[in-house]
Amino acid sequence: MKLKTIDAILDRALMGDDVSPQEGVVLLKQTDPEAIAAIRTTADKLRHSQAGDTVTYIINRNINFTNICEQHCSFCAFRRDDGDAGAYWLDWTQILEKSTDAVQRGATEICMQGGLNPQALIDGKSLTYYLKLVETIKQEFPQIHLHAFSPQEVQFIARVDGLEYADVIAALRDAGVGSMPGTAAEVLDDEVRRVLCPEKIDTTTWLEIVSTTHKLGLHTTSTMLSGHIETPEQQISHLEKLRSLQKTAMDRGYPARITEFILLPFVGKEAPKPLRRRVGRDQPVLADALLLGAVARIYLGNWIPNHQPSWVKLGLAGATEALVWGCNDIGGTLMEEHITTMAGALGGTCMEVETLQTAIASLGRPYQQRDTLYQKVWSF
């Protein structure tokens, strides 16, 4: 593809036009250093105009309340069967201890997700157990924002209890869940999902649950697990579905929408062997992640202005580099990260605020603490 054609696509993007799926694929397939440099520059300019120069971060804590899971995703090194070595299931006291520690360390958010544990029931009901998880935290710390339970978890609860998705989401919202992680998306293409996560919800169900969540007033994030078996066409199709989802929320006047896009490059070091062999490497390719992140900014930025890399997956240096490839947020402190670390990621499990600030300042950019919904947080 001639550079002139690439420049024409990028010029239209800089004028505020949406890139088409075909144009997105063209950008992703570039290998010429000059073309890739132009894509990076465009993504950085769009980041400046759509999100500003200030790089945001959040003080948050992950609580993965169990790794016992009924599903067997081909990329997951986190899950265990009950009774396996390393299997765990936190009790209410442990959940409260972790929450207390988070609040004492200045967290404004607790992100809570876990395996699909068939034994996680109270009086035979799945939803009752999940509501107790929420209430255990919110009764003690009503001020904390609970960013909790993926679309997959919503479907799991609904299936076990014979409920509608909307009933589950509304009950969690009313109990104190503040927003939903847009995880379990992996790649929103059912051919890919049949290899990666054959037992997980399909693309249509993921989109339906997220759209219902917006309709019921809970914001969500959005993610993509990249760099494994998917093609550039499937990556762009994923971005197109997210863009359409956001347009739907806006066009229909839903009270909530997607707050951010997070790229999650595949870490294969401890992944189950069949997928690891197929992918052929243990760690993400930074150059691939940076290009995809830049194209995601160009493709989604008019509709989803906040873009975040994963320092857990890319390392802090890689995540910092992503801030000049279209990202405007460096993510959170996490305090305790298990899922990616157990997959063999090198980024670590916790990040101090000062470390994030230093990384941002190394680019000559200002930094600002934010909350889950991208409102400024002032600490004194």
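The values are calculated or read from the model by the stated rules, or taken from the named source; none is laboratory data. Values in this document were obtained by computation on a predicted structure and should not be read as measured data. Please note: Cβ atoms are built from the backbone with ideal geometry, for glycine as well, and neighbour counts cover all protein chains shown.
Per-structure values
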quantity: Residue satisfying all of: in the range 139-151; in contact with a helix residue (DSSP H, G or I) (Cβ under 8 Å, 6 or more places away or on another chain) and buried (at least 20 other Cβ atoms within 10 Å of the Cβ); farthest from Asn67 (Cα to Cα) among these; calculated: Ile144
quantity: Any helices (runs of 4 or more DSSP H) falling wholly within the range 11-114 and containing at least 1 residues that are more than 29 Å from Met351 (Cβ to Cβ) and touching a Leu at 6+ places or on another chain (Cβ under 7 Å); calculated: 21-28, 33-51
quantity: Residue check, Ser379 more than 29 Å from Gln246 (Cβ to Cβ), modelled with pLDDT of 95 or more and not charged (D, E, K, R); calculated: no
quantity: Residue match in the range 204-214 (condition: within 24 Å of Leu127 (Cα to Cα), aliphatic (A, V, I, L, M), buried (at least 23 other Cβ atoms within 10 Å of the Cβ) and out of contact with any strand residue (DSSP E or B) (no Cβ under 7 Å at 6 or more places or on another chain)); calculated: yes
quantity: Output for the range 312-333, where each listed residue is hydrophobic (A, V, I, L, M, F, W, C), touching a Phe, Trp or Tyr at 6+ places or on another chain (Cβ under 8 Å) and either within 19 Å of Asp371 (Cβ to Cβ) or free of Cβ contacts under 8 Å to residues at least 24 places away in the same chain (or both); calculated: Ile330
quantity: Subset tally (residues that are buried (at least 24 other Cβ atoms within 10 Å of the Cβ), touching a Leu at 6+ places or on another chain (Cβ under 7 Å) and of a type outside the set (A, V, I, L, M)) for the range 302-316; calculated: 3
quantity: 1 or more residues farther than 30 Å from Val285 by Cβ: qualifying helices (runs of 4 or more DSSP H) within the range 168-262; calculated: 203-215, 232-251
quantity: Residue in the range 94-107 that is within 24 Å of the chain's Cα centre (by Cα), surrounded by fewer than 19 Cβ atoms within 10 Å (Cβ to Cβ) and of a type in the set (A, V, I, L, M) present; calculated: yes
quantity: Qualifying residue in the range 295-311 (condition: outside any helix (DSSP H, G or I) and free of Cβ contacts under 8 Å to residues at least 24 places away in the same chain); calculated: no
